[in-house]
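None of the figures in this text is laboratory data; all of them are computed from the coordinates on show. Predicted, not measured: the structure shown is a model, and the values here were computed from it. Cβ placement follows ideal geometry from the backbone for every residue including glycine, while neighbour counts extend to all protein chains displayed.
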Amino acid sequence: MQIVLASASPRRKELMEMLGIENLKIIPARGEEHPPRGASPEETVIALATAKAREVAARCPAEDVVVGADTLVWVDGRIFGKPHSQAEAAAMLRTLSGRTHQVFTGVCVLRGERAMSACEESRVRFRALTEEEIAAYIATGEPMDKAGAYGAQGRGALFVESIEGDFFNVMGLPLCRLGQMLKKQGVVVL
């Protein structure tokens, strides 16, 4: 049995390794992400995480445990995924400036026919940002591959006043919840 991470995210890989998972295999999902229309943020991340896990599980032995995840930022009734341009990243950061937003991560753990999925929510408060700070941060390139255009574990930490909930959820993988899900699938991490 191997643990398979259905993600190309270097942050998720680092987090799984931080848990001490030694037999970790990385097989990124290749399919297009199609959020369900009219779905809540929770339903969206669970559906996307499940689709990723199922796609990768179809290419793995049945005894492998496959972990899929998807993260989004939610503010003003809108989903903020990864920005497609620097202008979109700047617009996202302006919206988040001086406010609290929600980060949702859906996780799906598959082992054979047994699937478990869950959603974790955290609330993140940003301090007020200047246009100069937004431009300088975008120039680092860090915002371009992250939901909401920031990384709380990187230079984006300079913007985060507080986090309510699982910090690792904000990084893209709620470790406490994942550990419990893995345990229920017969994988003891600790």
- [ ] Set the Förster radius R0 to 22 Å, insert the Cβ-Cβ distance between Lys183 and Ala8 as r into 1/(1 + (r/R0)^6), and round the FRET efficiency to 0.05.
- [x] 0.30
Task: Virtual spin-label span in nm between Ala115 and Thr130, 7 Å along Cα→Cβ - done: 5.0 nm
Task: All-pairs Cα distance distribution in region 51-126, expressed in whole percent, bin size 10 Å - done: 18, 37, 24, 18, 4
Open item on the list: As an exercise, find the ratio Rg/Rh for region 1-50 from alpha-carbon atoms, using the Kirkwood inverse-distance average for Rh.
Closed with: 1.06
Task: Chain lengthening between Glu63 and Glu32 when straightened (0.36 nm per residue, less Cα-Cα) - done: 8.6 nm
- [ ] Excluding residues on the same chain fewer than 8 positions from Lys183, give the lysines whose Cα lies under 27 Å from its Cα.
- [x] Lys13, Lys25, Lys52
Task: Rg ratio (alpha-carbon, reference 2.2 N^0.38 Å) - the chain - done: 1.02
Task: Least to most buried among Thr130, Thr50 (fewest other Cβ within 10 Å first) - done: Thr130, Thr50
Open item on the list: Under 5 Å between amide hydrogens, which residues at least 5 positions from Ala29 or on another chain qualify, with H placed 1.01 Å from N in the peptide plane?
Closed with: Ser7, Ala8
